[in-house]
1. Within segment 58-75, does at least one residue satisfy the condition of being surrounded by 10 or more Cβ atoms within 10 Å (Cβ to Cβ), over 18 Å from Ala9 (Cα atoms) and modelled with pLDDT of 90 or more?
2. Leu50 - would you say it is at pLDDT below 90, among the aliphatic types (A, V, I, L, M), surrounded by 11 or more Cβ atoms within 10 Å (Cβ to Cβ) and part of a loop (DSSP other than H, G, I, E, B)?
3. For segment 1-38, give me each residue that is surrounded by fewer than 20 Cβ atoms within 10 Å (Cβ to Cβ), assigned to a strand (DSSP E or B) and at pLDDT 95 or above.
4. So, in segment 97-145, of the ones that are β-branched (Val, Ile, Thr) and more than 16 Å from Leu38 (Cβ to Cβ), which residue ends up surrounded by the most Cβ atoms within 10 Å (Cβ to Cβ)?
5. For Arg88, state whether it is at pLDDT 90 or above and in a helix (DSSP H, G or I).
Amino acid sequence: MTRQPVTIAETVSIGEGAALILSHGYINLPVVDGQNRLVGLFGVYDLLALLVPRIAMVGDLVPNLRFLNDDMAALHETYRAVSGSPIRAAMNREPVTVNPETPIMEAIRLFCRNHMTIPVVTRDTREVCGMISYWDAARAIVGPA
């Protein structure tokens, strides 16, 4: 696991969160309250879901995108409209989590089911103490390069 991961405060704007994710190549980041307790995750998929009309997310994505035009300016405008909103308005409020005692096999199973990085939180306070990435799981299986 990555110890002491980068986190985002729940009061940060969507634009600031997007900039952080894009500048570091993160898939998602833990969103925390003032006591560093996990309140959600915000990531690339959450950002894209803000920009794509909800109807496009129903069923098989590709056929449902036929009604969208190829106007990137419209997507830029949609992004500008939401970028100042607090990240808590767009975050995943029910992320899958593990605690420091969770076996790596359980984390790998959760990766296969949920396809995203996993916050590691303490049992009692839900304070973020790490993140497990795909790379962490692969290194546990394959060993160091």
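The values are calculated or read from the model by the stated rules, or taken from the named source; none is laboratory data. In this text the structure is predicted, and so the values were computed from the model without any measurement. Don't worry about glycine lacking a Cβ; one is built from the backbone with ideal geometry, like all the others, and counts go over all protein chains shown.
1. Looking for residues that are surrounded by 10 or more Cβ atoms within 10 Å (Cβ to Cβ), over 18 Å from Ala9 (Cα atoms) and modelled with pLDDT of 90 or more, one finds none in segment 58-75, hence no.
2. Numbers: at pLDDT below 90: yes; among the aliphatic types (A, V, I, L, M): yes; surrounded by 11 or more Cβ atoms within 10 Å (Cβ to Cβ): yes; part of a loop (DSSP other than H, G, I, E, B): no.
So Leu50 does not fit the description; no.
3. If the condition is that a residue be surrounded by fewer than 20 Cβ atoms within 10 Å (Cβ to Cβ), assigned to a strand (DSSP E or B) and at pLDDT 95 or above, then Ala9, Ser13, Arg37 are the ones that fit.
4. The first filter runs over segment 97-145 and keeps only residues β-branched (Val, Ile, Thr), leaving 97-98, 102, 104, 108, 117-118, 120-122, 125, 128, 132, 141-142.
Applying the additional criterion that residues be more than 16 Å from Leu38 (Cβ to Cβ) yields 104, 108, 141-142.
On the way: Ile104: 14, Ile108: 18, Ile141: 9, Val142: 8.
Restricting to residues being β-branched (Val, Ile, Thr) and more than 16 Å from Leu38 (Cβ to Cβ), the top hit is Ile108.
5. On the way: at pLDDT 90 or above: yes; in a helix (DSSP H, G or I): yes.
For Arg88, the condition - at pLDDT 90 or above and in a helix (DSSP H, G or I) - is met.
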